[in-house]
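The values are calculated or read from the model by the stated rules, or taken from the named source; none is laboratory data. Predicted model only: the values in this text are computed from it and were never measured. No Cβ is skipped: glycine too gets one built from the backbone with ideal geometry, and neighbour counts run over all protein chains shown.
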Amino acid sequence: MKTFKMLSFDLVTKDGVQPFPLIDGIIINQENSHQSWVLELFMEKQYRSTFDELLANATVFNVRAVISFPDNEPAPFQVIVHTVEDIGDHVSVLLKGTLKIKRSKYAEQLLSELLAEGVSLEDLLDRFTRDMKKRPKLKDD
């Protein structure tokens, strides 16, 4: 098994990306034949209801997480909530799932979308640089 520090976590919905601020987080690659991953989120208790609902409905959903270094591209996972536990004034959410096929051509897809939007040449570099850092969800994603 390999363990990694999780720096940020986003829930991917049909309406876009919903970030969840972390107090702390880890990701574990179980390195098994199922290619299973475990994500543990440690966050403020105010976010518990979202994960309680996903747990109650046994919903499979998409998330993305930045692992180890802030400049890393967010890794996409398909997960299910395994447990939600209060720890003092906070909550621990344990997710289990698999790593989705990684976007290997994000920059090219982003540039294509910006050009299709008709972003002016004067604004293109600024928008491209900003979006490469923020990594918004792409239309073909």
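Some observations on this one:
- Residue list for segment 81-114, filter: among the hydrophobic types (A, V, I, L, M, F, W, C) and surrounded by fewer than 14 Cβ atoms within 10 Å (Cβ to Cβ): I87, I101, A107
- In segment 82-135, the residues that are over 30 Å from F42 (Cβ atoms) and outside any helix (DSSP H, G or I): S104, K105, G118, V119, S120
- When L138 is tested against (1) assigned to a loop (DSSP other than H, G, I, E, B); (2) closer than 19 Å to W37 by Cβ; (3) among the hydrophobic types (A, V, I, L, M, F, W, C), exactly one condition is not met: (2).
Table: residues versus (1) out of contact with any Leu (no Cβ under 7 Å at 6 or more places or on another chain); (2) of a type in the set (V, I, T); (3) closer than 21 Å to M132 by Cβ.
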site: F9; (1), (2), (3): no, no, yes
site: N29; (1), (2), (3): yes, no, no
site: K45; (1), (2), (3): yes, no, no
site: T59; (1), (2), (3): yes, yes, no
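- Test result for R48, modelled with pLDDT under 95 and basic (K, R): no
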